[in-house]
Amino acid sequence: MTPPDDPTVHASAVRVGPQAILIRGPSGAGKSQLAFDLVLAGLAGQIAATMLVGDDRIALAREGDAVIARPALQLAGLIEIRGLGIRRCPFAPEAPIGLIVDLAASDAERLPAAAALRESIFGIELPRIPISEGDDALRLVLAALLTGPGPGSAAHSLRDCRKGFGNHITPTIATD
C-alpha cells in the first residue's frame with residue numbers, strides 16, 4: 001500500500017484486466033463518474049474484469065518499465081458517486097498503467113495527431129486519449145479498449161490480418 005507521504009496526482013484509476021486506466025482532468029470533469037462507469041462495464045461483461053484502483057488522488061511510481069498506480073492511503077476503497085456521496089468499493093492495491101485518459105483536454109480533436117495519443121510519464125511512453133468537455137468519455141474509452149488502431153496508425157499492419165485487408169479488431173488491454 002502507498003505510504004501516506006508519497007506524492008499523489010489528482011486523478012482516478014481503474015484496473016481493466018491486468019492494466020490500469022489513469023483518468024485525469026480538472027475538478028468536476030467526470031473522473032469519478034468515468035471510473036465507476038468502467039467498473040460497471042466490467043461487471044456487465046462489456047470489457048475485461050474491472051476494479052477500482054483509486055478515486056480523487058493516485059500515487060504514481062516507476063517500477064522497472066512500468067508506471068504503477070496506487071490509491072492514496074487515506075482514500076483507498078472510496079469513490080464519489082454524484083447523488084450518493086462517498087461510497088465504499090472493492091479496490092485493487094496497485095496496477096500498471098496501460099492507458100491515460102485526459103478529460104476536458106485542450107488538445108482533443110476529432111482526428112487527433114499521433115503525438116496527442118501518447119504521453120511520457122517517468123520516461124515511459126503510454127497511450128493517451130484526450131477527450132473534449134461534453135464528449136461521451138465512456139463511449140470513447142470503450143471504443144479504444146475494444147478496437148485496434150486504424151489503417152493510418154503506425155501500429156496497424158496488414159501482416160497482422162489473416163484476411164489481408166486489415167479491418168479486424170485486434171487484441172487490446174480489454175481482451176488480453
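Coordinate-derived values only; no laboratory data. This structure is a prediction, so every number in the text was calculated from the model and none was measured. All Cβ positions, glycine included, derive from the backbone under ideal geometry; neighbour counts span all protein chains shown.
Computed values, structure above
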{"item": "Residue list for segment 34-60, filter: surrounded by fewer than 20 Cβ atoms within 10 Å (Cβ to Cβ) and touching a residue at least 60 places away in the same chain (Cβ under 8 Å)", "result": "D37, Q46, A48, L60"}
{"item": "Tally of residues being in a strand (DSSP E or B), more than 18 Å from G42 (Cβ to Cβ) and more than 14 Å from the chain's Cα centre (by Cα) across segment 84-120", "result": "3"}
